[in-house]
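Below: the structure, in structure tokens.
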Amino acid sequence: MSLSTSMPVRLAGCGKTFADGTRALEPLDLGIAGGETLVLLGPSGCGKTTTLRILAGLEAPDPGGRVLFGEAEVTHLPIEKRNVGMVFQSYALFPNMDVAGNVGYGLRVRRLPEAERRRRVAEVLEMMAISELAHRRIDQLSGGQRQRVALARALAVRPQVLLLDEPLTALDAALRERLRVEIDALLRRLGITAIYVTHDQSEAMALGDRIVVMDRGRVAQVGPPREIYFRPANRFVAEFIGTMNLLRGELRDGRLVLPGGALPLAGSEAADGAAGETEVLFRPEAARICASEAAALVGRVRSAQFLGDRTRLVLDGVARRTVIVEAPGRREFRDGEAVGLTIDPTDLIRLPD
Amino acid sequence: MTRDRTRHLVLLLPLGILTGAFFLLPTARLIAVGASGEAGLAGYLAVLTTPRYFESFVATILLSLGVTAVTLAIATAAGLFLQRNAFPGREVLVALLTFPLAFPGVVVGFMVILLAGRQGVIGGLTDALTGEKLVFAYSMAGLFMGYVYFSIPRVILTVMAAIEKLDPALEEAARSLGAGPWTVLRDVVLPALKPAFLASGAVCFATAMGAFGTAFTLATDIDVLPMTIYTEFVLYANFATAAALSIVLGAITWLALALSRSLAGTTVAAAG
Ligand SMILES: Nc1ncnc2c1ncn2[C@@H]1O[C@H](COP(=O)(O)OP(=O)(O)O)[C@@H](O)[C@H]1O
Ligand SMILES: [Mg+2]
């Protein structure tokens, strides 16, 4: 199946204040390229769904906000005229129709001839690998099958834009993983413009061409997954995505002086000749465990958690706060044991002031 | 296992006693009385073949079906509006709509007379406007109006509860697929409310079949079945016929409830 359109989409100055006065969204500018998968990521209540609903046409932005599909302004076009595909967390399948009825509903509303309709339904069912479910009732389907049907239904009408609101949240972990891979492959193959809402960062990393991290109705950062992960723009993003350690200490002779030792910083920062309090961040996997004598920093194991492929260590005494690092799974650690750390200066993250 | 069984039996005991004392025994007696006339068991056949009784049955069933259909339509429209729109005074309006729940049939009949009776509001209004008094309180129309009036609260509460439980995403999904508001109503909302329609419709039908107070107050020229039973029983002391009519009325009503229950797959409680 091919979707000829790769519709670029743009939100311009779209804020949202609800009737009860709730300010769900500060005026937001966001461009989505044709065929791009954009993920809206953030904690519950940060305005992801509201943004998606404005794109869909289920909510109107506050006056002044504009929604553009390609060159056309659709701000005042109701959802049924926007030709968008929607996938909901609750699946929202029609219980009074079977699988084929659900998938073909959009085509029936469009009054496509019966034969054409049947052909298109069969095509989409096959694409989602659920052809054998065509005549099942909805209550005879598992959660994973339901979400496949929901995707098939949204894609059957060949939408200009696909909007997904936490489509995998209701599924168990293993199934979520599998469907995530399937959705990723599907979106890439179809080349459809997609906006995907989730609060799950690994889902966001795996699916997004770009990620929009949102915080209380504002965009905290927009960028490709790697940039979000390795170069967070602010403290919120740094702490929301993955695990992040904070080291705060005195800068002296190009080294950060901490309770557990002195950590060399990268050349540019060291050359500044600057002194005084400063802070750097690092990810657990950036630290290397080594013998105490060879280490820049020394700490004590407060707790060790064996995860199979690696061991997660919580260390005291390195910095003012505990730090979390990862060690190879083979080595065993006792509580209270002294461990040394080195961190490559290029793996240190500094937040813009 | 056996202890569980014993406990369940103990729990059912009060219901058993109640059913035995106040339902099974009188019903059995009623059935017996129904067959105690000159014709014996054929008395049951007679109540269906005698034109006067048969007409009463047909009128009552048609009236109840009509009332059920109109009540469902009004309650659904009002319920959808009330559940979907927030406006000042909404709570008061809901309370007003469910007000008739507290009225006995006599009061409902009285209100119909006040509205459409000889001295009623509508009569006065039409008299002033056209010089001709419109009076329909004592006809089928008056009865119909009264029945719809007291049926609405029972139905509207059930329908509103069902609408509230509807996942809004269902409608949004249908709209995203290109369906306009009326199409969504036809394809998604009404089918989803079917169980509520069956449940509250059956209760509405049963209540209308058995309603007495309103008909009695309006003293209409049409004999609904409960009125016929009353007349046979009190005026003519024709106990056998009254009992036979009662049993057949009960059977029809019970059948309607059972039918809706099997269609909806849920329990329907007869009220009123
Ligand atoms: N219809 C509404 N009326 C009032 N407040 C709302 C409504 N919908 C959402 N909100 C509020 O707007 C904020 C953003 O909500 P939402 O976009 O659903 O967040 P998210 O999807 O990121 O969890 C929340 O504080 C939420 O309570
Ligand atoms: Mg949400």
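The values are calculated or read from the model by the stated rules, or taken from the named source; none is laboratory data. The shown structure was predicted, so the numbers you read here are calculated from the model rather than taken from an experiment. Note that we place each Cβ from the backbone using ideal geometry, even for glycine, and neighbour counts take in every protein chain shown. Side chains included, ligands, DNA and RNA excluded: accessible areas come from the protein's heavy atoms. Shrake-Rupley method; radii C 1.70, N 1.55, O 1.52, S 1.80 Å.
Shielding value for A:89-101 is 4, the average number of Cβ atoms from other chains within 10 Å of each residue's Cβ. Think of each Lys and Arg Cβ as +1 and each Asp and Glu Cβ as -1; about the Cα centre, that makes the dipole of the protein assembly as shown roughly 740 debye.
All Cα-Cα distances of chain A, cut into 10 Å bins from zero to the largest, leave 5, 21, 25, 20, 15, 10, 4, 0 percent in each bin in turn.
Helix A:143-156 against the longest principal axis of chain A: what's the angle in degrees, Cα atoms only, rounded to the nearest 10? Roughly 60 degrees, rounded to the nearest 10. DSSP finds beta bridges in chain A, and of those with both partners inside it, around 75 percent are antiparallel. For the range B:46-264, the share of accessible area belonging to carbon and sulfur comes to 72 percent (1.4 Å probe, ligands and nucleic acids excluded). Surface analysis of chain B yields an accessible area of 54 Å² per residue, using protein heavy atoms and a 1.4 Å probe. Annotation for the B:A interface, with buried accessible surface near 1600 Å², both sides summed [1.4 Å probe; non-protein components not counted]. Three principal axis extents describe the C-alpha atoms of the range B:111-263; from largest down they are 63, 49, 18 Å. Just flag the chymotrypsin sites (Phe, Trp or Tyr not before Pro) in the range B:228-268 sitting in loop per DSSP whose Cβ has no more than 10 other Cβ atoms within 10 Å. Hits after loop and neighbour filter: B:Tyr236. Ranked by the mean number of other Cβ atoms within 10 Å of their residues, highest first, the peptides B:185-194, A:211-220 come out as A:211-220, B:185-194. In degrees, nearest 10, range 0 to 90: what is the angle between the Cα axis of helix A:173-190 and the longest Cα principal axis of chain A? So the inclination is approximately 60 degrees. Of the peptides B:172-184, A:106-118, the order by per-residue mean of other Cβ atoms within 10 Å, starting with the highest, comes out as B:172-184, A:106-118.
Contact order for the range B:46-264, expressed relative to its length and based on alpha carbon pairs under 8 Å spaced 6+ residues apart, stands at 29 percent. Comparing B:Thr214, B:Ala78, B:Ile229 along the charge dipole axis of the range B:46-264, the residue lying farthest to the positive side is B:Ala78, per the Cβ-charge model.
Helices meeting the span-like rule in chain B (full DSSP H runs, Cα extent of at least 20 Å along the helix axis, mean Kyte-Doolittle score of 0.5 or higher): B:51-84, B:140-165, B:194-210, B:239-264. Where both bridge residues fall in the protein assembly as shown, DSSP classifies roughly 75% of the beta bridges as antiparallel. Across all C-alpha atoms in the range A:273-353, the radius of gyration and Dmax reach 13.3, 44 Å.
In chain A, the longest principal axis of the Cα atoms and the axis of helix A:114-127 are about 20 degrees apart.
Taken over the alpha carbons of the protein assembly as shown as equal point scatterers, the Debye sum produces base-10 log I(q)/I(0) values at 0.07, 0.11 Å⁻¹ of -0.71, -1.11. Taking the chain by itself as reference, the range A:44-60 contains these residues with an accessible-area loss of 30 Å² or more in the full protein complex (1.4 Å probe, heavy atoms): A:Leu58.
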